[in-house]
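The values are calculated or read from the model by the stated rules, or taken from the named source; none is laboratory data. As the structure is a prediction and not an experimental result, all values here were calculated from the model. So basically every Cβ, Gly included, is an ideal-geometry build from the backbone, and we count neighbours across all protein chains shown.
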Amino acid sequence: MARIKRYLLSLLIFGLTGAACVGQVPSVRARWIRLASDSVRVEYALPKVSAVRPVVIVLSDRYGLQDNVRATLRVLATLGFRAYALPLHSAPEQPFNVLPEAAIDSSDVPLVTALAVELINERGCDGRVMLLGFDVGANIAMEVIARFPFYKGAVLFYPTGGAAALRRLLDAQCRFLLNTAQFDPDCSLSDVNAMRELCMERGKRMHVFYYKEARRFFFNPQHPDHHKVNTNTAWNQINKFFRNQ
């Protein structure tokens, strides 16, 4: 928890908002949202200033919805977005001292989209919903934006599965930003370059940001491979991308 607090403080003071006090960070709350076939418990953070805002749904890495995800919600809300996260079947909570197998559960795709529909129609949403996905969460996001046309954008951090998984982006129905780490065999530079060539052949635009000296999970402050400088850079990329949608 102390590491998460230091992470938030460094972002607020040096990274994005100019805030100088952790007390200015929005709180994370939880509530149940009824969907067509079920109900889901979401965690969320809202901007301090009441206004109509876009929604960002955060899809966690394979370690699940833990404090790093809650920190992400707080920063997004500080930046002015209505930020939500839900537990994914693909990402049950697990300890950070092991590397769990990446297992994509297809039931997460309709779950995420059903939640998005509910959030779009809530008072306070300006009609825009976007996705921020990490690792297996990025894979779920890729499948979601390939199937459904109403998303306004997606920021994807190091999807798993290599070049074969990245091909799903050829069907993306919104703009996306793919973020890749230098030392990541599951989403390597060669995989990304192969995908870039396919996009060029099909006349599709691909936005990519590359992080030197970074490993997979570098964005997660609870993971041993967290990289503070690259995370600050990534936050600026996230903010810039979402504000231009």
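Things to note:
- None of E93, E43 is closer than 19 Å to A141 by Cβ and among the acidic types (D, E) except E43.
- Hey, L132 surrounded by fewer than 21 Cβ atoms within 10 Å (Cβ to Cβ), in contact (Cβ under 8 Å) with a residue 12 or more places away in the chain and outside any loop (DSSP other than H, G, I, E, B) or not: no
- Segment 97-118: number of residues that are aliphatic (A, V, I, L, M), surrounded by fewer than 19 Cβ atoms within 10 Å (Cβ to Cβ) and within 22 Å of R31 (Cβ to Cβ): 2
- Residues satisfying the stated conditions in segment 151-170, i.e. in contact with a strand residue (DSSP E or B) (Cβ under 7 Å, 6 or more places away or on another chain) and not in a helix (DSSP H, G or I): Y151, K152, G153, A154, V155, L156, F157, Y158
Residues are listed down the side, and each one gets a yes or a no for (1) under 22 Å from M130 (Cβ atoms); (2) touching an Asp or Glu at 6+ places or on another chain (Cβ under 8 Å):
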site	(1), (2)
L166	yes, yes
P185	no, no
V229	no, no
I238	yes, no
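- Within segment 171-207, the set of residues being assigned to a helix (DSSP H, G or I), among the acidic types (D, E) and within 23 Å of V144 (Cβ to Cβ) comprises D171, D186, D191.
- Residues (charged (D, E, K, R) and exposed (fewer than 15 other Cβ atoms within 10 Å of the Cβ)) located in segment 197-215: E197, E201, R202, K204, R205, K212, E213
- Test: residue in segment 74-81 that is touching a Leu at 6+ places or on another chain (Cβ under 7 Å) and part of a loop (DSSP other than H, G, I, E, B): yes
Condition check ((1) of a type in the set (D, E); (2) at pLDDT below 95; (3) under 27 Å from H89 (Cβ atoms)) across all residues:
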residue: T180; (1), (2), (3): no, no, yes
residue: M200; (1), (2), (3): no, yes, no
residue: R215; (1), (2), (3): no, no, yes
residue: F219; (1), (2), (3): no, no, yes
residue: T233; (1), (2), (3): no, no, no
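- For A154: the one exception among (1) under 29 Å from N97 (Cβ atoms); (2) buried (at least 22 other Cβ atoms within 10 Å of the Cβ): (1)
- Complete set of residues in segment 216-241 that are surrounded by fewer than 18 Cβ atoms within 10 Å (Cβ to Cβ), touching a residue at least 12 places away in the same chain (Cβ under 8 Å) and of a type in the set (K, R): K228
- Segment 168-204, residues that are of a type in the set (S, T, N, Q) and more than 11 Å from Y158 (Cα to Cα): Q173, S190, N193
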